[in-house]
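What follows is a short report on a single structure.
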Amino acid sequence: MAKHSLDKDKIKILLLEGVHQSAVDVFERAGYTNIEYHKASLGDEALHESIKDAHFVGIRSRTQLTADVLKRAEKLIAIGCFCIGTNQVDLATAELLGIPVFNAPFSNTRSVAELVLGEIIMLMRGIPERNAIAHRGGWMKTAAGSYEVRGKTLGVIGYGHIGTQLGILAETLGMRVVFFDIEDKLPLGNAQQIHSMEQLLAQSDVVSLHVPETPQTKDMIGTAEFAAMRKGSIFINASRGTVVDIDALTVALKERHLAGAAIDVFPVEPQSNDDEFISPLRGLDNVLLTPHVGGSTAEAQENIGIEVAGKLAKYSDNGSTVSAVNFPEVSLPMHKGTSRLLHIHQNRPGVLIKINKAFSEKGINIAAQYLQTTAEIGYVVMEVDTHQAEEALVELKAIEGTLRTRVLF
Ligand SMILES: NC(=O)c1ccc[n+]([C@@H]2O[C@H](COP(=O)([O-])OP(=O)(O)OC[C@H]3O[C@@H](n4cnc5c(N)ncnc54)[C@H](O)[C@@H]3O)[C@@H](O)[C@H]2O)c1
Ligand SMILES: O=C(O)CC[C@@H](O)C(=O)O
């Protein structure tokens with residue numbers, strides 16, 4: 001069913017999972033006042049209820065926007081992931097429904113790199129275990145199993161925004177950095193790319209994962225990979241919980257093949273802070289367990305709020321889709337004195353010709369036109385005289401393969 005734009009006070013923005021106040025401020029400054037804000041994620045039923053009349057939704061990593069949820073969200077225009085990961089959204093379904101998904105690809109990366117750096121130092125010194133023992137009244141004063149990081153090798157798996165920053169920070173402490181990535185990457189500092197993950201595992205004192213959740217990364221580290229790691233080495237995962245076989249990790253830690261680990265992300269994470277965290281890693285003194293807070297700093301959350309809310313407001317106001325993760329990217333200037341028509345259609349031959357023919361037959365003058373496509377969909381933006389906008393919209397809706405239309409006056 002095709003949709004078109006509304007007055008701003010009728011546009012409902014649903015914000016979940018306590019996204020930063022900076023997001024609310026951005027929306028309000030842009031004139032969007034109909035904001036439903038929730039501090040936590042919603043259960044299935046409450047989510048269906050709240051999203052069914054929402055035009056924009058903002059989530060973090062907990063809310064699962066499955067095909068089923070998206071199909072029920074009939075008014076949804078765009079989705080904002082107030083984080084890096086977008087694996088919690090069925091991106092392909094969103095695309096086919098004509099819904100762009102935006103995220104914040106950089107804003108929390110420094111926070112993750114800093115946390116991991118701190119964990120490396122703590123784990124190399126055996127601090128988590130000494131800390132746990134002290135809390136129980138013990139006193140583990142020994143240099144056994146306690147090392148400087150200087151001169152040790154850090155193996156980074158996934159050398160993207162986080163992996164590269166971690167590598168640079170680790171080098172400032174005198175670590176040697178090697179990395180494995182499926183793409184050829186420019187090594188920063190003195191880092192060295194290794195084209196075999198097994199070789200990286202065999203030569204690293206610390207292995208840190210920074211890959212996205214994809215079908216290829218699912219369980220990419222399991223029994224065989226832990227066995228390939230050096231005895232007494234350290235393992236860190238602040239990427240996604242699905243990447244590691246958590247039972248295999250538990251065994252490697254209990255057998256003391258690994259000296260310690262820091263895990264921030266889990267295959268199943270509690271829905272809210274009130275729910276119990278269940279994991280086989282609980283109770284292991286040599287493991288730092290953190291509740292998916294790698295990117296949770298004041299600085300990161302504020303910047304993410306501004307960045308993602310800004311992208312959603314811009315898409316709502318002028319149709320720009322720059323940096324959408326599942327959608328044709330169109331960078332648009334602000335329009336003045338004309339109306340802008342947005343047309344999302346199934347990518348099939350001849351759509352643009354049909355639009356131009358229909359407009360020409362009706363005498364609708366096109367002042368500007370932009371088109372971008374993916375394999376699945378096309379996104380056409382046109383500017384027409386405002387007095388012809390409604391007529392043009394009728395023509396657009398009649399074009400075969402139309403998924404959505406919107407007019408911006
Ligand atoms: N713990 C947290 O709070 C937190 C915060 C931010 C990001 N993250 C997670 O960290 C991930 C990485 O973030 P980023 O900003 O560095 O992403 P990025 O996209 O910049 O980098 C990911 C890198 O992984 C590589 N890669 C992809 N598949 C791979 C594979 N199978 N083997 C090896 N390398 C592979 C990519 O080529 C890329 O270089 C995110 O996708 C997100 O899931 C977690
Ligand atoms: O804030 C979150 O919930 C997720 C943070 C992180 O995993 C990300 O993908 O950016």
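Setting aside same-chain residues fewer than 8 positions from Lys71, which lysines have a Cα under 18 Å from its Cα?
Result set, ordered by chain and number: Lys3, Lys12, Lys52.
With a Förster radius of 25 Å, plug the Cβ-Cβ distance of Val394 and Ala92 into 1/(1 + (r/R0)^6) and report the FRET value to the nearest 0.05.
Numbers: r = 30 Å, r/R0 = 1.20.
Efficiency for this residue pair is about 0.25.
Rounded to the nearest 0.05, what FRET efficiency do Val293 and Gln64 have when you use their Cβ-Cβ distance and R0 = 22 Å?
My answer for the efficiency is 0.65.
What does DSSP give for the chain in terms of the percent of beta bridges that are antiparallel, rounded to the nearest 5?
Working: 21 of 58 bridges.
If I count the DSSP bridges inside the chain, around 35 percent turn out antiparallel.
What ranking do 170-179, 290-299 get when scored by the average of other Cβ atoms within 10 Å per residue, highest first?
Answer by packing, highest mean first, reads 170-179, 290-299.
Among Ser50, Val89, Val116, whose Cα sits farthest toward the positive end of the charge dipole of the stretch 30-129 (+1 at Cβ of Lys/Arg, -1 at Cβ of Asp/Glu, about the Cα centre)?
With unit charges placed on the Cβ atoms, the residue in question is Val116.
For the stretch 229-346, what is the convex hull volume of the alpha-carbon atoms per residue, in Å³?
Spread over its residues, the Cα hull of the stretch 229-346 gives 185 Å³ apiece.
Among the lysines in the stretch 327-408, how many pairs, 8 or more places apart or on different chains, have alpha carbons under 17 Å apart?
For the stretch 327-408, the number of qualifying lysine pairs is 4.
Send over the per residue convex hull volume for the stretch 37-193, Cα only, as a whole number of Å³. Mind showing how you got there, number by number?
Working: hull volume 24.3 nm³, N = 157.
That works out to 155 Å³ per residue.
What FRET efficiency do you get for Glu329 and Lys231 if R0 is 45 Å and r is their Cβ-Cβ distance, rounded to the nearest 0.05?
0.40
List, in order, the whole-Hz ³J(HN,Hα) value for each residue of the stretch 82-94 obtained from phi through the Karplus relation with A = 6.51, B = -1.76, C = 1.60 and θ = phi - 60°; use x for Gly and Pro.
Each residue of the stretch 82-94 in turn: 7, 5, 8, x, 10, 5, 7, 10, 6, 5, 5, 5, 4 Hz.
Taking the Cα centre of the chain as origin, work out the dipole magnitude from +1 charges on Lys and Arg Cβ and -1 charges on Asp and Glu Cβ, in debye rounded to 20.
My answer is approximately 440 debye.
What distance in nm separates the simple spin-label points at Glu45 and Lys357, each placed 7 Å from Cα in the Cβ direction?
In this crude label model, Glu45 to Lys357 measures out at 5.2 nm.
I need the semi-axes of the equivalent ellipsoid of the stretch 108-287: take the C-alpha gyration tensor, multiply each eigenvalue by 5, square-root it, list largest first in whole angstrom.
On the way: eigenvalues 118, 82, 48 Å².
In descending order, the three semi-axes are 24, 20, 16 Å.
Students often check this: by mean Cβ neighbours within 10 Å, which of 58-69, 141-152 ranks highest, and how do the rest follow?
Values: 58-69: 19.8, 141-152: 12.2.
Sorting 58-69, 141-152 by mean packing, highest first, produces 58-69, 141-152.
Once both axes come from the Cα atoms, what is the angle between helix 298-318 and the longest principal axis of the chain, in degrees from 0 to 90, rounded to 10?
Long axis of 298-318 versus the principal axis of the chain: about 20 degrees.
Which order do the peptides 42-50, 24-32 take when ranked by the mean count of other beta-carbon atoms within 10 Å per residue, highest first?
24-32, 42-50
Under 5 Å between amide hydrogens, which residues at least 5 positions from Phe82 or on another chain qualify, with H placed 1.01 Å from N in the peptide plane?
Ile59, Arg60
What ratio of Cα Rg to 2.2 N^0.38 Å holds for the chain? Kindly include the intermediate steps, with their values, before the conclusion.
Details: Rg = 24.8 Å, N = 409, 2.2 N^0.38 = 21.6 Å.
With N residues counted in the chain, Rg over 2.2 N^0.38 Å equals 1.15.
Through the Karplus equation 6.51 cos²θ - 1.76 cosθ + 1.60, θ set to phi - 60°, convert the phi angles of the stretch 180-192 into ³J(HN,Hα) values in whole Hz; use x for Gly and Pro.
Rounded to whole hertz, the list is 10, 8, 6, 9, 6, 10, 5, x, 8, x, 9, 4, 10.
Given the DSSP H assignment, sum -39500 (n - 2.57) over each helix run of at least 4 residues in the chain and divide by its residue total; what's the result at 222 nm in deg cm²/dmol, nearest 500?
After summing the helix terms and dividing by residue count, I get -9000 deg cm²/dmol.
Across 5 Å bins from 0, what is the distribution of all Cα-Cα pair distances for the stretch 284-409, in whole percents?
Over the stretch 284-409, the share of Cα pairs per 5 Å bin runs 2, 10, 18, 18, 15, 10, 6, 5, 4, 4, 3, 2, 1, 1, 0, 0 percent.
When the Karplus curve 6.51 cos²θ - 1.76 cosθ + 1.60 is applied with θ = phi - 60°, which whole-Hz ³J(HN,Hα) does each residue of the stretch 276-288 get, with x for Gly and Pro?
6, 8, 10, 7, x, 7, 4, x, 8, 5, 8, 10, 8
Where a number appears in this text, it was derived from the coordinates with a stated rule and is not lab data. A quick note: this is a predicted structure, and the numbers were derived from the prediction, not measured. Note: ideal-geometry Cβ built from the backbone for every residue, glycine included; neighbour counts use all protein chains shown.
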